[in-house]
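To keep things clear, I will list the structure first and then write my remarks on it.
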Amino acid sequence: MMDAIAHWFKWLSNQHGINYSVFFDNYDQTLFLKGLKTTIILSLACIALSILVGLIGAWLQGSRIRAARVGTAMFVQFFRNTPPLVQLAFFYYAVSALLPTVTDSFGAQTPLINNLGWAIISFSLFAGAFNIEIFRSGIEAVPSAMTEAAESLGYTRFQIYRIVVIPIAFRICLPSLGNNLVNLVKTTTLAYAIGVPELLYASAQIWSEAMNVREMMVLLLITYVALVAILVAVMQRWEKSLRVPGYVS
Amino acid sequence: MRPVQSSSLPVLLTPNRTARDPLPSLTAIIQSRLLFVSLLGTFFISCGISAAYSAAGAQPSLSILDVLLKWAPLVFGGFLFNIAVSIASMALGTASGLLLGLGQISPSRPISKTSWFLTQFFRNSPWLVLLFFAMFLLPFDLKIGSVTVPLPAWFKAIIGLALPVMANVAEIVRGGIKSIPLSQWESAESLAFSRRQILWQIILPQAFKRMIPPWMNLYAILTMATTLISVVGIQDSMTLTKAALVAEGRLDLYLPFYMMLLLMFFAYCYPIARLTQSLESRVAVKF
Amino acid sequence: MQPLITISHVEKSFGTMPVLRDISMTIAKGECACIIGPSGSGKSTLLRCINGLVPVTSGSILVDSIEVNDPHLDKLALRRKVGIVFQQYNLFPHKTAIQNIAMAPIHVLNRPKDEAYENARRLLAKVKLSEKADAYPGELSGGQQQRVAIARSLAMNPMVMLFDEVTAALDPETKKEVLFTIRDLAAEGMTCVLVTHEMGFASEVADHVYFTDGGRIVEAGTPTEIFKAARNERTRAFLSQVL
């Protein structure tokens with residue numbers, strides 16, 4: 001089967017000059033698949049971390065300590081209103097320069113955090129800033145009557161959050177969270193700028209050698225649209241599984 | 001049991017709330033000032049960190065602030081170029097996005113399906129990939145009859161950034177039109193308006209107000225995305241910052257230089273975000 | 001009869017706006033008290049004060065020897081004794097009817113799960129909704145939701161139930177279901193405090209009726225005294241308007 005596909009694409013390349021080398025060239029294929037894997041790892045790590053950042057930030061914004069609230073607001077506004085590419089450069093070139101280096105297994109000095117690590121940190125903070133706002137507005141959208149009812153049943157503040165506010169708020173947030181995570185997956189392409197061998201970077205390597213920019217571009221766009229479609233499908237499934245009959249949030 | 005006067009008004013007394021202030025309230029302004037001051041503070045602290053860091057190593061010839069001031073005009077010029085690109089892309093993207101958005105609600109199925117597909121495709125593709133797409137796949141020059149118009153790289157970049165803008169504007173237009181209740185269409189139809197008249201004279205003027213805040217939001221996103229052109233080799237503020245750092249060759253300059261660039265964008269995008277927010281709440285109150 | 005709730009000289013203001021002024025009343029065990037009066041007279045606030053949801057400005061509220069106006073108030077102990085049902089039901093939308101009822105005993109009273117669910121099932125039967133155990137609030141009618149809300153409060157085994165205009169948002173038909181549920185409760189000897197606009201219901205079930213206006217108790221007495229022979233001009237004016 002795989003052979004047949006490879007064969008057909010080879011024929012397409014020879015006969016019509018439409019060169020999808022990733023389907024028949026072993027080297028290009030490995031490069032592309034490795035890039036895809038890196039993009040997926042990068043995306044998943046950023047999704048998990050950015051949700052964590054969002055939860056912590058939303059919790060800090062409800063804090064009684066003024067400094068915590070102001071600090072979180074500053075963080076959110078700063079990361080939302082500056083270019084993610086410059087943020088990435090800021091972390092990778094500037095912050096990284098301040099950190100000590102470590103000695104790797106070959107005895108050479110390498111930075112404490114590599115480019116993939118900085119990409120994960122940078123994008124997680126960027127998307128996390130949006131998540132904070134999303135979670136906060138979700139918590140605010142829970143009717144105060146709900147918390148009052150829980151309070152009158154004798155729940156503690158923490159229990160009210162855990163059992164009533166968070167489950168309802170989460171259902172309210174889910175659509176905008178999904179949107180933001182889709183944006184995050186698209187943002188991972190910026191890691192190209194600091195040489196993380198993700199999908200775009202791998203593709204650029206392939207097209208600069210095989211001279212098949214047009215074909216790679218189509219493949220790249222289709223791959224990203226497919227990745228986004230998978231994420232959207234997962235989010236929708238999640239939304240559906242959390243849907244409560246008769247309740248419109 | 002006798003029917004009781006309808007008294008579903010809440011009985012719990014609450015102090016009279018003043019109507020929502022249409023403009024950003026005083027506290028909001030003070031808070032945003034506070035935000036600005038604190039951010040400037042972090043900037044100088046980052047300069048301080050760098051200074052302390054460099055003091056530990058070799059003595060630099062010029063102080064960080066001096067170097068920063070020396071390069072600032074050049075970087076700022078690059079920043080103005082980013083703004084120019086953002087305005088051009090926004091104009092192009094808005095015009096084509098309006099068409100695409102209207103195409104989505106077209107009664108002709110082929111047109112609406114194609115428009116929908118194009119919108120979804122460009123909306124879900126990464127901006128950087130679309131930029132590459134435009135840079136590599138647009139021809140170097142355009143032949144219109146016998147006249148050959150060269151397509152410079154910066155122009156291709158504007159088109160590349162306009163593609164995702166177009167798709168997002170199309171979504172905003174479609175959403176805005178959809179938010180107008182169906183009864184508006186029906187009542188206009190009953191008054192014998194044509195479809196075109198209904199759209200342009202009744203629906204769009206109402207939808208327009210709701211489309212402004214997300215459109216402004218999109219503009220801010222685009223402005224920040226203009227830095228991507230540095231990745232495809234066009235000189236902008238990002239390229240110039242990098243060039244300046246290479247020219248100086250001092251590690252301690254990285255933090256303040258990138259901070260300066262971040263703050264330039266922040267100073268431009270944050271006011272837009274605040275304005276969008278206040279417009280949003282005003283629209284929410286009005287409808 | 002010994003008083004279960006003793007309210008003396010309670011004052012409450014929101015900011016500078018007084019809502020309750022010098023309220024005093026006693027409610028005996030097993031008694032059903034109805035509070036009537038025009039909208040905005042502070043009736044709902046009074047109920048919320050008894051339950052500790054809203055702190056009072058001054059005065060004392062004693063519920064079975066717990067002082068509510070006490071900075072060291074054990075709110076949990078108070079709320080185990082006092083149940084409250086709201087006008088808008090306020091059921092948790094993401095939990096089924098039976099979960100809504102069993103939740104608080106499990107989480108707050110640390111009851112074993114099967115015991116809490118068994119009790120919840122019994123209470124659902126009591127409010128005649130056994131077949132709706134696994135329905136979500138959004139799938140129930142207003143009257144059904146309100147009966148689940150009553151069962152939810154009963155699950156905490158309170159000594160007194162507060163009802164805050166529980167039928168105000170319901171249509172006349174479903175109103176009856178809820179009112180019958182409350183009537184049965186009162187008949188069983190549950191101490192009830194109702195804020196209501198249902199004058200007919202109040203005169204039927206109440207032992208005492210309090211007429212409030214402008215944050216004060218204007219007149220109090222048995223249903224006959226209030227509805228048939230009100231002495232105060234304001235009471236008469238209000239009653240002639242609603243009856």
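The values are calculated or read from the model by the stated rules, or taken from the named source; none is laboratory data. This is a predicted model, so every value here is computed, not measured. Quick reminder, even Gly has a Cβ in these numbers, built from the backbone with ideal geometry, and neighbours come from all protein chains shown. SASA here: full protein model, heavy atoms, side chains in, ligands and nucleic acids out. Shrake-Rupley method; radii C 1.70, N 1.55, O 1.52, S 1.80 Å.
Structure summary
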quantity	calculated
Of the criteria (1) within 12 Å of another protein chain (Cβ to nearest Cβ); (2) within 29 Å of C:G142 (Cα to Cα); (3) within 19 Å of the chain's Cα centre (by Cα), which one C:G189 fails	(1)
Qualifying residue in region C:140-151 (condition: away from chain A (no Cβ under 14 Å) and under 18 Å from C:V85 (Cα atoms))	yes
Residue count for region B:114-154, restricted to those that are within 14 Å of another protein chain (Cβ to nearest Cβ), in a helix (DSSP H, G or I) and open to solvent by 80 Å² or more (accessible area, probe 1.4 Å)	3
Residue match in region A:2-25 (condition: under 17 Å from the mean Cα position of the chain (by Cα) and either at pLDDT 95 or above or surrounded by 13 or more Cβ atoms within 10 Å (Cβ to Cβ) (or both))	no
C:I217 among the β-branched types (V, I, T), away from chain B (no Cβ under 14 Å) and in a helix (DSSP H, G or I)	no
Output for region B:263-287, where each listed residue is more than 10 Å from B:N217 (Cβ to Cβ), open to solvent by 50 Å² or more (accessible area, probe 1.4 Å) and at pLDDT below 90	B:R282, B:A284, B:V285, B:K286, B:F287
Odd one out for C:P55 among (1) at pLDDT below 85; (2) farther than 29 Å from C:A120 by Cα	(1)
Residue that is most open to solvent (accessible area, probe 1.4 Å), among those in region A:148-170 that are more than 7 Å from every other protein chain (Cβ to nearest Cβ) and over 20 Å from C:N110 (Cα atoms)	A:I166
Residue among C:G30, C:G42, C:G15 that alone is at the interface with chain B (Cβ under 9 Å from one of its Cβ atoms), within 26 Å of C:R80 (Cα to Cα), over 12 Å from the mean Cα position of the chain (by Cα) and not hydrophobic (A, V, I, L, M, F, W, C)	C:G42
Residues satisfying the stated conditions in region A:179-221, i.e. open to solvent by 10 Å² or more (accessible area, probe 1.4 Å), in a helix (DSSP H, G or I) and not hydrophobic (A, V, I, L, M, F, W, C)	A:N179, A:N180, A:N183, A:K186, A:T187, A:Y192, A:Y201, A:Q205, A:S208, A:E209, A:R214, A:E215
Entirely in region C:1-65, the strands (runs of 3 or more DSSP E) that have 3 or more residues that are polar (S, T, N, Q) and open to solvent by 10 Å² or more (accessible area, probe 1.4 Å)	C:3-14
Hits in region A:95-114 (condition: within 12 Å of B:L251 (Cβ to Cβ) and of a type in the set (D, E))	none
Hits in region A:1-20 - residues which are in contact (Cβ under 8 Å) with a residue 12 or more places away in the chain and under 21 Å from A:E209 (Cβ atoms)	A:A6, A:F9, A:K10, A:I18, A:N19, A:Y20
Scan of region B:230-262 for residues that are open to solvent by 10 Å² or more (accessible area, probe 1.4 Å), more than 8 Å from chain A (Cβ to nearest Cβ) and polar (S, T, N, Q), ordered by number	B:Q235, B:T239
Filter result for C:I84 (buried (at least 22 other Cβ atoms within 10 Å of the Cβ), within 9 Å of chain A (Cβ to nearest Cβ) and aliphatic (A, V, I, L, M))	yes
Exclusive hit being without any contact (Cβ under 8 Å) to a residue 40 or more places away in the chain and either within 12 Å of chain B (Cβ to nearest Cβ) or surrounded by 16 or more Cβ atoms within 10 Å (Cβ to Cβ) (or both), set A:G57, A:G71	A:G71
Test: residue in region B:173-181 that is open to solvent by 40 Å² or more (accessible area, probe 1.4 Å) and outside any helix (DSSP H, G or I)	yes
Per-region count, region C:211-243, residues open to solvent by 20 Å² or more (accessible area, probe 1.4 Å), touching a strand residue (DSSP E or B) at 6+ places or on another chain (Cβ under 7 Å) and aliphatic (A, V, I, L, M)	3
Residue within region A:213-221 that is out of contact with any Cys (no Cβ under 8 Å at 6 or more places or on another chain), within 14 Å of chain C (Cβ to nearest Cβ) and touching a residue at least 24 places away in the same chain (Cβ under 8 Å) present	no
B:A247 modelled with pLDDT of 90 or more, aliphatic (A, V, I, L, M) and either within 20 Å of the chain's Cα centre (by Cα) or part of a helix (DSSP H, G or I) (or both)	no
Contacts under 8 angstrom Cβ, first residue in region A:80-107 being without any contact (Cβ under 8 Å) to a residue 60 or more places away in the chain, partner surrounded by fewer than 20 Cβ atoms within 10 Å (Cβ to Cβ) and small (G, A, S), 6 or more apart	A:R80/B:A273; A:N81/B:A273
Criterion: within 14 Å of chain A (Cβ to nearest Cβ), in contact with a Pro (Cβ under 8 Å, 6 or more places away or on another chain) and under 29 Å from B:R250 (Cβ atoms) - qualifying residue of B:I83, B:I64	B:I64
Subset of region B:82-99 (residues that are of a type outside the set (G, A, S), open to solvent by less than 20 Å² (accessible area, probe 1.4 Å) and within 18 Å of B:F208 (Cα to Cα))	B:M90
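Conditions (1) free of Cβ contacts under 8 Å to residues at least 24 places away in the same chain; (2) open to solvent by 10 Å² or more (accessible area, probe 1.4 Å); (3) not in a helix (DSSP H, G or I), marked per residue:
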position	(1), (2), (3)
C:I106	yes, yes, no
C:A116	no, no, no
C:R121	yes, yes, no
C:L124	no, no, no
C:A169	no, yes, yes
C:F180	yes, yes, no
C:E204	yes, yes, no
C:V209	no, no, yes
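Per-residue answers, yes or no, for (1) open to solvent by 30 Å² or more (accessible area, probe 1.4 Å); (2) in a loop (DSSP other than H, G, I, E, B):
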{"site": "A:A67", "(1), (2)": "yes, no"}
{"site": "A:Q77", "(1), (2)": "yes, no"}
{"site": "A:F106", "(1), (2)": "yes, yes"}
{"site": "A:W118", "(1), (2)": "no, no"}
